[in-house]
Amino acid sequence: MALAKVIIAAAWADGHLARDEVNSLKNILAELGQTGGSGEMALTVNEWAELEIYLHSPVESAERARLVDELGAALRGPGDRALVLAALDQMLRADRVVTREEREAAAEIRAALEHLNLGMFAQLGRLLRGSMRSKAPNRELYLEEFLHNRIYYAVRQRLGKPPEEDLGIPSDEAHILALAGGLLARVAQLDHTVTDAEHTRIVEALQSGWGISHERAALVAEVALAESVADLDYFQLTKEFADTAPVDERIRFLDALFAVAMADGSLTSELSDEISRITASINLTHDHFVAAKRRARGE
């Protein structure tokens, strides 16, 4: 795990993570015996999430240094060090392009590990210095957010603080706001294109529904749209929204879904069906769906 995190951090050095680099990571894990006979990852869901959280967004130098420190503390001898350096080289060559930033990051990591004293007492000293490493950025502190409310996590990363501290709303409402943004983005992107009108409706729904500024509503909308293009867990999104948003808030939210769906002037059967599925997934009835649809049409 420590090795995988470091090579992900190195691959992010140029601010871009190529698909070939991700595939190389999986190959390295396979070579280390981390896959079963069926080809499925032997890592647990939470262990894979610990890696995925680093795949999600760039790793800056301070956080990379912490990961290198933790890897160094895990090394038990020259053989471990040789394996780490070989895996690092393999990862960086994966997309057949090694950028200047990647070369510099690899050289920094290599120098740190090559000059590491792997003796028993040196290892003990590194473990005792663990409290110093804990002061460096550590996104794993927010792993539960990453697993259960990806948009809230991504907004936190953008703001550098819990969203509620910046948005001026309670924490529970900030979590619901993020989930709502994800569902609105799903409707807008159903046809794989988000129009200006749809974007405007999302921002308006977030601004009016949670009383936040236009600027911050636009930021949440931007993050939600970006995350929904990625591998956003729709089941988790609706489950969390159903579990955390009160019934009356969920009912009002149907109006926002229809506003986005009809932003370009008409309601297609595909969009109507999608909102019907969302309605059921957030534990509302078909009658709630029909009533919201009528309101949207002015009936």
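The values are calculated or read from the model by the stated rules, or taken from the named source; none is laboratory data. Predicted model, so just to flag it, every value in this text is computed and none were measured. Heads up, the Cβs are rebuilt from the backbone with ideal geometry, glycines too, and the neighbour counts pull from every protein chain shown.
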message: Whether any residue in the range 271-281 is in the same structural domain as residue 195 (by TED's automatic domain parsing) and at positive phi is what I want to check.
response: no
message: Restricting to the range 56-69, name every residue that is in a helix (DSSP H, G or I) and at pLDDT 90 or above.
response: 56, 61, 62, 63, 64, 65, 66, 67, 68
- line: Note: among 118, 127, just one is outside any helix (DSSP H, G or I), more than 20 Å from the chain's Cα centre (by Cα) and at pLDDT below 95, namely 118
task: Output the residue which, of all residues in the range 173-193 that are over 21 Å from residue 235 (Cβ atoms) and modelled with pLDDT of 95 or more, is surrounded by the fewest Cβ atoms within 10 Å (Cβ to Cβ).
output: 173
task: Give the number of residues within the range 70-103 that are part of a helix (DSSP H, G or I) and in contact with a helix residue (DSSP H, G or I) (Cβ under 7 Å, 6 or more places away or on another chain).
output: 15
- prompt: Which residue out of 291, 256, 224, 218 is surrounded by 15 or more Cβ atoms within 10 Å (Cβ to Cβ), more than 27 Å from the chain's Cα centre (by Cα) and not β-branched (Val, Ile, Thr)?
  reply: 291
Pairs with Cβ under 8 Å, 6+ apart, first in the range 142-168 and of a type in the set (Gly, Ala, Ser), second outside any loop (DSSP other than H, G, I, E, B): 154/56; 154/223; 154/226; 154/227
- prompt: Cβ-Cβ below 6 Å, separation at least six or inter-chain, first residue in the range 177-193 and on the phi > 0 side of the Ramachandran plot, second of a type in the set (Phe, Trp, Tyr) and in a loop (DSSP other than H, G, I, E, B): which pairs?
  reply: none
Candidate set from the range 36-55 (those that are modelled with pLDDT under 90 and hydroxyl-bearing (Ser, Thr, Tyr)); member that is nearest to the chain's Cα centre (by Cα): 44
query: Is the range 147-157 home to any residue that is assigned to a helix (DSSP H, G or I), at pLDDT below 95 and among the aromatic types (Phe, Trp, Tyr)?
result: no
